[in-house]
1. Want the number for residue B:20 to residue B:65: 0.36 nm per residue separation, take away the alpha-carbon distance, what's left?
2. Compute the Rg/Rh shape ratio of region A:1-56: radius of gyration over Kirkwood radius, all on alpha-carbon atoms.
3. Which of rounded, prolate or oblate describes chain A when judged by the alpha-carbon gyration tensor and an a/c cut-off of 1.5?
4. Once the piece of chain linking residue A:70 and residue A:5 is laid out straight, how much longer is it, given 0.36 nm per residue of separation minus the C-alpha distance between them?
5. Can you tell me which of A:59, A:43, A:16 moves the most in a GNM of chain A? Springs connect C-alpha atoms under 10 Å apart.
6. Report the percentage of all Cα-Cα pairs in region B:1-78 whose separation exceeds 21 Å, rounded to a whole percent.
7. Kindly give the semi-axes, whole Å and largest first, of the ellipsoid equivalent to the protein assembly as shown, taking each as the square root of 5 times a Cα gyration tensor eigenvalue.
8. First measure r as the distance between the Cβ atoms of residue B:28 and residue B:7, then evaluate 1/(1 + (r/R0)^6) with R0 = 35 Å and state the FRET efficiency to the nearest 0.05.
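FYI, it's all coordinate maths here, none of it is from the lab. This is a predicted model, so every value here is computed, not measured. With ideal geometry, Cβ positions are generated from the backbone for all residues, glycine too; neighbour counts draw on all protein chains shown.
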Amino acid sequence: AQSVTQLDSHVSVSEGTPVLLRCNYSSSYSPSLFWYVQHPNKGLQLLLKYTSAATLVKGINGFEAEFKKSETSFHLTKPSAHMSDAAEYFCVVRMNYGGSQGNLIFGKGTKLSVKP
Amino acid sequence: EAQVTQNPRYLITVTGKKLTVTCSQNMNHEYMSWYRQDPGLGLRQIYYSMNVEVTDKGDVPEGYKVSRKEKRNFPLILESPSPNQTSLYFCASSFEGQGFYEQYFGPGTRLTVT
C-alpha cells in the first residue's frame, strides 16, 4: 500500500531564512511524487513533481525537492523564504498500478508561517 | 483557458435536503476525482472515474454518489446531507494511465450542512 507522512504539521521560519518541509513515503512500486501548495482560501496548485528522470526536482517560486529512495523521502526546500510563501503544503504520492491507477494519496499537510 | 470549474462555490443547506455539486473540465481528461478537505486530515478521495461510465469508490464514499455520463462532467451528489459532510470539496482531473500526469484542481466548494 502506498502512503505519505508529512513529519511536521506546522513550520515557522523568518523571512529570508531557508525552508524545509519534510515528507516520507511508502510505496511498493516506483512512486510518482508531488508537492502541492494551497494559499488561504484558494485551490491547490502544483509546485513540482518527481518524474524519475532526475532526483533533484525544481519547481515554481524557487522551491525544489530531492527524491531519496534509500531514505524514502521527498523533502521540499527553498533557500530563502518570502512572506508570500505562507501557505499549506501537501506532499502527495500517486498510485501507478492496478485498478486505482491515477489516484492521489495526500499527506495531512504542513502549514508554513513566515515571520517578518 | 484550461480549467476545472465547480459550482456552487459556497453552499449552506439543511440536513436531508438533496444537493448536487457540479464539476466540469475542458481538457478532455479521462480521469476525474472528488476529494474532501478537513482540517488536520489533508485531502481524502471520495470517488473517482477513469472514464465515461466508469466510477469507483475512494477512501470516504459513504453518503455520496457520482455519475459520469459525459467525459467533461463529474457531478457529486449528496442524497441526504448530514452535518458531518460539512467540508471543503475539490474536483480534479488528469490524463489517465501510466506516467506522471499532474491532477488539475477546481477552486473548491465550501459546503455547510446545518
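1. Contour length minus Cα-Cα distance gives 15.3 nm.
2. 1.00
3. Numbers: a/c = 2.03, a/b = 1.69, b/c = 1.20.
Judged from the Cα gyration tensor, chain A comes out prolate (a/c at least 1.5, a/b above b/c).
4. 21.8 nm
5. Taking springs between Cα atoms under 10 Å, the residue moving most is A:43.
6. On the way: 829 of 3003 pairs.
Of the Cα pairs, 28 percent sit more than 21 Å apart.
7. On the way: eigenvalues 174, 90, 46 Å².
Each semi-axis is √(5λ); the values are 29, 21, 15 Å.
8. The computed FRET efficiency comes out at 0.95.
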